[in-house]
Each structure stands twice: as structure tokens, then as C-alpha cells.
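Peer 1: Next up is a structure, given as C-alpha cells.
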Amino acid sequence: MTGVTATTESHTTETQTSETAAVSIRGLSKVFGDRAVIDGLDLDIRPGEFVALLGRSGCGKSTLLRILAGLDSEIDGLATVPRRRAVAFQAPRLMPWKRVWHNVVLGLPGRPDRALAQRYLDEVGLSAKTTVWPKTLSGGEAQRVSLARALVREPELLLLDEPFGALDALTRVKAQQLVADLWARHRCAVLLVTHDVEEALLLADRVLVMDGGVIAHEVTVALPRPRPIDHPTLVRLRTELLGRLGIVEPDRHASVD
Ligand SMILES: Nc1ncnc2c1ncn2[C@@H]1O[C@H](COP(=O)(O)OP(=O)(O)OP(=O)(O)O)[C@@H](O)[C@H]1O
Ligand SMILES: [Mg+2]
């Protein structure tokens, strides 16, 4: 392992967010067996910036997120992240034996604060579900609890690993809008892993493509929100990103006779 400095025993440095960077990664590598899944990756994320991360299955997106979340410290290289950060995964991972409000504040220091949990459940539109058990929630509701649980930590960096992946199309659109609203209000830096190119283009300031263990491509989406998905710039970026992902779209103008 090379020069990874740390304020804790971990190999990821935690800092107060600086003026210029919420996340700073230099030469990050992660090896499983004899395969470098992450291989000299560099990345900066500005405070308050919304970044989406695309990439083929198995390219290392979740591995990168886990490192930034502090869940994997066996790395080479330098990764600087804010101390206040939170993560939401594709599966909401709620504790079935704790009521919804208790899940939201689970792990916070001090006595479980129901009023605090309530505030964040209100924010995600779940005021009516405060005292129910997680097993009585729909998939979309459980995912919103997971978002409330992340936001209650007032993160400077919010890490989202395919948080809408398991939702049906309509619930997914609503969840995307909710994330857009929450981000506009909280203005934390976000790193969203997704397989959905349109989702990335609708939500993010910048879209990255991970390949070969590095950030192989990136596009900036300099359009005001909300964004119409048929905006010519988005259509062009979509084609560019799909190409980078190795997905060839059927030619819409091809004759079908
Ligand atoms: N604990 C582990 N031990 C060994 N190999 C692992 C481990 N975790 C992940 N890998 C491997 O590292 C590679 C990257 O995994 P990762 O979960 O980061 O991919 P991903 O880009 O998130 O994929 P997906 O889009 O399918 O979620 C995969 O080949 C995976 O099998
Ligand atoms: Mg993954």
C-alpha cells in the first residue's frame, strides 16, 4: 500500500470540505485477487456538485462508492472525503425490528430523537409512516426512508448506489424528482451510481463513465433544471454516453420494410 494518509486508522482521509473540493481522489487503486478493479483513478467533486457515475456491470462503481463511504480501507492511493457523508444503496437495508422513525436516526449519537426523524420523514413525504414497521412499506417508501436516513446526517457528500434500481418506472421518476428537490435544498455533493443514462443526464451536473478502472470519459451537463429529456443537448449527450458504454442504439430512422 502506498502513501495513503489518514486522520483515522482508515486509508481514506476525512476532512472538512474545502472551498474547492468535496472529494479528491488521486491514483486510487483497489485489487481483488490479481485484478485491479480500480487502477489509478483520479476524480474531484466540487462542494454541492451532483455527479452521476455510469459504467458496465462489474467495472467497479460500487467498489469506488464503498471506498468513499469508508466501508473499504484496503486501497492504494489518496482519497479525501468529507467527514460528514452518507450512503444509500439499491436495497434500503432497514432494520425490520425498529420502527421507521427509529431506522432514520439509527446510529446517530445520543438518544434516538423522534422529532428529528419526523422532520426528515416529512421531507421525503412520509409523515404518515413514522411509527410503522419497515415490512409494511412499499419498495418506493422504503427507499425514501433510506434517503431520510442519509439526509438526517446532513452530509456534505451523499453517495447513492443505484437507489432507484429496483423501483417500477413511475415510482422511479417520482424518486428522481425527490432527489432533485432534496439536492436543491441541501446542496450537498452527490455521487450517484446508475445504469440509466437518462437519469444521469436529468439529474447531474457532470456524468462520468468508468471503464478499465479509471474515469474513462466525462460530460458536463450545463442545462438548467428541470430538463426536458428531448432537449437537443441531452439527446446528443445520450448518444455520446451510450456509445462510450458500448451500447449501439437501433437506428430510429432505419426503414422497416
Ligand atoms: N469483495 C470482493 N471480493 C472479490 N471481488 C470483488 C469483491 N467485490 C467486488 N468484486 C469484484 O470487483 C468487480 C467490480 O465490482 P463492483 O461491485 O464494484 O461492480 P459494479 O460496477 O458496481 O457493477 P454493477 O453495475 O453490476 O453493480 C466485480 O468483478 C466484482 O466481482
Ligand atoms: Mg454496483
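The values are calculated or read from the model by the stated rules, or taken from the named source; none is laboratory data. From a predicted model like this one, the values you see are computed outputs, not experimental measurements. In this analysis, Cβ positions are derived from the backbone assuming ideal geometry, glycine residues included, and neighbour counts consider all displayed protein chains.
Peer 1: All but one of (1) buried (at least 16 other Cβ atoms within 10 Å of the Cβ); (2) at pLDDT 95 or above; (3) of a type outside the set (A, V, I, L, M); (4) closer than 28 Å to Arg46 by Cα hold for Glu123, so report the exception by its number.
Peer 2: Of (1) buried (at least 16 other Cβ atoms within 10 Å of the Cβ); (2) at pLDDT 95 or above; (3) of a type outside the set (A, V, I, L, M); (4) closer than 28 Å to Arg46 by Cα, only one is false for Glu123: (2).
Peer 1: Shifting gears a bit: Of the numbered conditions (1) at pLDDT below 95; (2) touching a helix residue (DSSP H, G or I) at 6+ places or on another chain (Cβ under 9 Å), Arg83 fails exactly one; give the number of that condition.
Peer 2: Unmet condition: (2).
Yes/no matrix, rows are residues, columns are (1) surrounded by fewer than 17 Cβ atoms within 10 Å (Cβ to Cβ); (2) at pLDDT 95 or above; (3) in contact with a Pro (Cβ under 7 Å, 6 or more places away or on another chain):
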| position | (1), (2), (3) |
| --- | --- |
| Thr7 | yes, no, no |
| Ser10 | no, no, no |
| Gly77 | no, yes, no |
| Arg93 | yes, no, no |
| Arg114 | yes, yes, no |
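Peer 1: Scanning the stretch 231-252 for residues that are in a loop (DSSP other than H, G, I, E, B) and either under 29 Å from Thr63 (Cα atoms) or modelled with pLDDT under 95 (or both), which turns out nearest to the chain's Cα centre (by Cα)?
Peer 2: In this case the residue turns out to be Leu245.
Peer 1: Only one residue in Leu203, Leu147, Leu157, Leu191 is touching a Lys or Arg at 6+ places or on another chain (Cβ under 6 Å) and closer than 25 Å to Gly60 by Cα. Which one?
Peer 2: When all the criteria are applied, what remains is Leu157.
Peer 1: Oh, and also: Scan the stretch 53-93 for residues that are within 16 Å of ligand 2 (Cβ to nearest atom), in contact with a Ser or Thr (Cβ under 6 Å, 6 or more places away or on another chain) and in a loop (DSSP other than H, G, I, E, B) and jot them down.
Peer 2: Residue satisfying the conditions is Pro92 alone.
Peer 1: While we're here: Give me the residue from the stretch 94-105 that is of a type in the set (A, V, I, L, M) and not in a helix (DSSP H, G or I) and, out of that set, nearest to ligand 2 (Cβ to nearest atom).
Peer 2: Among residues in the stretch 94-105 that are of a type in the set (A, V, I, L, M) and not in a helix (DSSP H, G or I), the one nearest to ligand 2 (Cβ to nearest atom) is Leu94.
Peer 1: Can you name the residue in the stretch 36-61 that is surrounded by 19 or more Cβ atoms within 10 Å (Cβ to Cβ) and within 14 Å of Asp161 (Cβ to Cβ) and, of all such residues, is farthest from the chain's Cα centre (by Cα)?
Peer 2: The selected residue is Cys59.
Peer 1: Does any residue of the stretch 60-70 turn out to be more than 11 Å from ligand 1 (Cβ to nearest atom), modelled with pLDDT of 95 or more and charged (D, E, K, R)?
Peer 2: No: the stretch 60-70 contains no residue that is more than 11 Å from ligand 1 (Cβ to nearest atom), modelled with pLDDT of 95 or more and charged (D, E, K, R).
Peer 1: Let me ask something else. If we keep just the residues of the stretch 30-64 that are among the hydroxyl-bearing types (Ser, Thr, Tyr) and in contact with an Asp or Glu (Cβ under 8 Å, 6 or more places away or on another chain), which is farthest from Leu182 (Cα to Cα)?
Peer 2: Thr63
Peer 1: So which residues in the stretch 135-171 are surrounded by 17 or more Cβ atoms within 10 Å (Cβ to Cβ) and farther than 16 Å from Asp122 by Cα?
Peer 2: Pro155, Glu156, Leu157, Leu158, Leu159, Leu160, Asp161, Glu162, Pro163, Phe164, Leu167, Thr171
Peer 1: Quick check on Ala21: is it modelled with pLDDT under 95, away from ligand 1 (no atom under 15 Å from the Cβ), outside any strand (DSSP E or B) and hydrophobic (A, V, I, L, M, F, W, C)?
Peer 2: yes
Peer 1: Which numbered condition trips up Phe32, out of (1) away from ligand 2 (no atom under 16 Å from the Cβ); (2) at pLDDT 95 or above?
Peer 2: If we test Phe32 against (1) away from ligand 2 (no atom under 16 Å from the Cβ); (2) at pLDDT 95 or above, just (1) comes out false.
Peer 1: Looking at the stretch 199-209, is at least one residue exposed (fewer than 15 other Cβ atoms within 10 Å of the Cβ), within 16 Å of ligand 1 (Cβ to nearest atom) and within 22 Å of Asp42 (Cα to Cα)?
Peer 2: For the stretch 199-209, residues exposed (fewer than 15 other Cβ atoms within 10 Å of the Cβ), within 16 Å of ligand 1 (Cβ to nearest atom) and within 22 Å of Asp42 (Cα to Cα): absent.
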